[in-house]
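Chemist: My structure is below; once you've seen it, I'll send some questions.
The values are calculated or read from the model by the stated rules, or taken from the named source; none is laboratory data. Everything numeric here is computed off the predicted structure, so don't read it as measured data. So basically every Cβ, Gly included, is an ideal-geometry build from the backbone, and we count neighbours across all protein chains shown.
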Protein chains: 2
Amino acid sequence: MTVHMELSHDNHDVTGPVRAPLPTVRRLPAYLGLLRKYAVEGALTISSASIAAELGLEPIQVRKDLQITGLSGQPGVGFSVEALIDAIELFLGWDNATDAFIVGAGNLGSALAGYDGFALYGLNIVALFDNDPAKVGTEIHGRPVFHIDRLIDLAWRMHVHLGILAVSSTAAQQAADLMADAGLQAVWNFTPVQLKMTDGIIVEKVDLAASLAVLSNRLATAIKDKRGVHNADE
Amino acid sequence: MTVHMELSHDNHDVTGPVRAPLPTVRRLPAYLGLLRKYAVEGALTISSASIAAELGLEPIQVRKDLQITGLSGQPGVGFSVEALIDAIELFLGWDNATDAFIVGAGNLGSALAGYDGFALYGLNIVALFDNDPAKVGTEIHGRPVFHIDRLIDLAWRMHVHLGILAVSSTAAQQAADLMADAGLQAVWNFTPVQLKMTDGIIVEKVDLAASLAVLSNRLATAIKDKRGVHNADE
DNA sequence: TAGATTGTTAATCGATTAACAATC
DNA sequence: TAGATTGTTAATCGATTAACAATC
């Protein structure tokens, strides 16, 4: 007879941590948003079927996804809304706010500084950086703008590990290198530039071009299809 | 003996068009950007191996991806830079500029109106819409701001089919419904809201939360790992 | 107990990668 | 011809989905 040890949340072995599937991680914020809505409405539990129905997914996919948080549901009942919120927040590191710098105080940087939704994602913008003397010393959406030369100093002093890159394409790589020198561990890249970074620095790109490509291709196909139907009709 | 008809770019059959793999479509803009750089430098041909090396991909993946454009390379030589640019632009519908409206002239909408990179993606912002009387009648980055009530009228008159949604979360669904009423065929959704749209309207979401989730999870893991090493060392 | 819902195990699906013959 | 590189066919990999026993 064999005894099976229970190894729930067994997220690493000798060779290193087992990476969570990326599509799953990307869906977690949608779950979290829905769960928060349910929590406000006073719901105590929720089933994978209801989550799936609201988000247009399959119940089995919801259950598979939620497993990576390590939380178990109760057969016949569902998942505890509160426990699930906590588990997802913990998994994403959104249980405590993460301080972040915005590098580049132009149109996009300013807009991001003014985006109040970041609080829901555990993100706290503490300052912006720019090389424009006209901007340095001012405040944007209540956050101070410092000269880019002060990035290294202030990153160390304020223990900031995350930088949001929102400069022009031409300045992107140089600014990213400076962020690396400042000891930032992660760069959220809003520029269209494919950054070349030293290993160990986490880079996540908000790829507008990729997103627009999907939209454009579908639109081009839809218009082509419509023309095709037209021709067939006439 | 069987004669095989050549059916390159055979993208649809009786049951409808074969969808191009989404990951492939998302990588096309990166190829396009690199190819344009090569074109400026005067290169006539490029091999899948060089493209792969520059973008950190596998040569075979590059060749597979490029096949959906319908363009063939030349064995022993590579791909024509110019022909490949044209093929990708055509596939994405970026060969002719697409006019677009921005709905929401707040921080984000204004920033998007000022983003000059869109020209490279075949996108032409022609106007913004808002319900704030203080903004209506002004110009943002050279584009007129109209009252949201004029959306339906102007969309028809100007033959605009694409709308960029950049309003607040609370206004998102209502604005999206209006865009549908205005006959827009596609919505590029910059809000965190999961829109409920009638079938046939293309919606592509720029999912900041999903992107940040990937970053946060990696950052949380990295920090946890570091702590683990520390403990083991001490 | 009966009904609801979970988590596991296996099957399917789609994307990536490997091997290599075909071609310039 | 020899070297380089493509496109095809098959193998692998990872994510999604299906079936169902286990559990509340």
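Chemist: Return only the number of the condition from (1) more than 13 Å from DNA strand C (Cβ to nearest atom); (2) at pLDDT 50 or above; (3) not charged (D, E, K, R) that residue A:16 does not satisfy.
Modeler: That leaves (2) as the condition not met.
Chemist: Output the helices (runs of 4 or more DSSP H) that fall wholly within segment A:20-86 and possess 2 or more residues being away from chain B (no Cβ under 14 Å), surrounded by fewer than 15 Cβ atoms within 10 Å (Cβ to Cβ) and out of contact with any helix residue (DSSP H, G or I) (no Cβ under 6 Å at 6 or more places or on another chain), or say none.
Modeler: Hits in segment A:20-86: A:59-67.
Chemist: Within the bounds of segment A:93-110, is there any residue that is assigned to a helix (DSSP H, G or I), more than 14 Å from residue A:46 (Cβ to Cβ) and more than 11 Å from chain B (Cβ to nearest Cβ)? Walk me through it before giving the result.
Modeler: So the first thing to find is which residues in segment A:93-110 are assigned to a helix (DSSP H, G or I), and the list is A:107-110.
Going one step further and asking which of them are more than 14 Å from residue A:46 (Cβ to Cβ), we end up with A:107-110.
Adding the requirement that they be more than 11 Å from chain B (Cβ to nearest Cβ) leaves none.
Checking segment A:93-110: not a single residue is assigned to a helix (DSSP H, G or I), more than 14 Å from residue A:46 (Cβ to Cβ) and more than 11 Å from chain B (Cβ to nearest Cβ).
Chemist: (1) away from chain A (no Cβ under 13 Å); (2) touching a Lys or Arg at 6+ places or on another chain (Cβ under 8 Å): which one isn't true of residue B:144, the others all being true?
Modeler: The single condition residue B:144 does not satisfy is (2).
Condition check ((1) more than 19 Å from the chain's Cα centre (by Cα); (2) more than 12 Å from DNA strand C (Cβ to nearest atom); (3) among the small types (Gly, Ala, Ser)) across all residues:
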position: A:23; (1), (2), (3): no, no, no
position: A:35; (1), (2), (3): no, yes, no
position: A:38; (1), (2), (3): yes, yes, no
position: A:48; (1), (2), (3): yes, no, yes
position: A:56; (1), (2), (3): yes, yes, yes
position: A:60; (1), (2), (3): yes, no, no
position: A:76; (1), (2), (3): yes, no, yes
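Residues are listed down the side, and each one gets a yes or a no for (1) more than 11 Å from chain B (Cβ to nearest Cβ); (2) within 20 Å of residue B:223 (Cα to Cα):
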| position | (1), (2) |
| --- | --- |
| A:168 | no, no |
| A:173 | yes, no |
| A:184 | no, yes |
| A:190 | no, no |
| A:194 | no, no |
| A:197 | yes, yes |
| A:202 | no, yes |
| A:207 | no, no |
| A:210 | no, no |
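Chemist: Another question, then. Taking the condition of being away from every other protein chain (no Cβ under 14 Å) and within 24 Å of the chain's Cα centre (by Cα), how many residues in segment A:155-166 meet it?
Modeler: 3
Chemist: Which residue pairs have Cβ atoms closer than 7 Å, lie 6 or more positions apart in sequence or on different chains, and pair a first residue in segment B:61-81 that is more than 16 Å from residue B:32 (Cα to Cα) with a second residue that is modelled with pLDDT of 95 or more?
Modeler: B:77/B:45
Chemist: Filter segment B:33-50 down to the residues that are among the aliphatic types (A, V, I, L, M) and farther than 19 Å from residue A:213 by Cα and list them by number. Even if it seems obvious, please write down each step before you answer.
Modeler: Within segment B:33-50, the subset among the aliphatic types (A, V, I, L, M) is B:34-35, B:39-40, B:43-44, B:46, B:49.
Across segment B:33-50, the qualifying residues are B:39, B:40, B:43, B:44, B:46, B:49.
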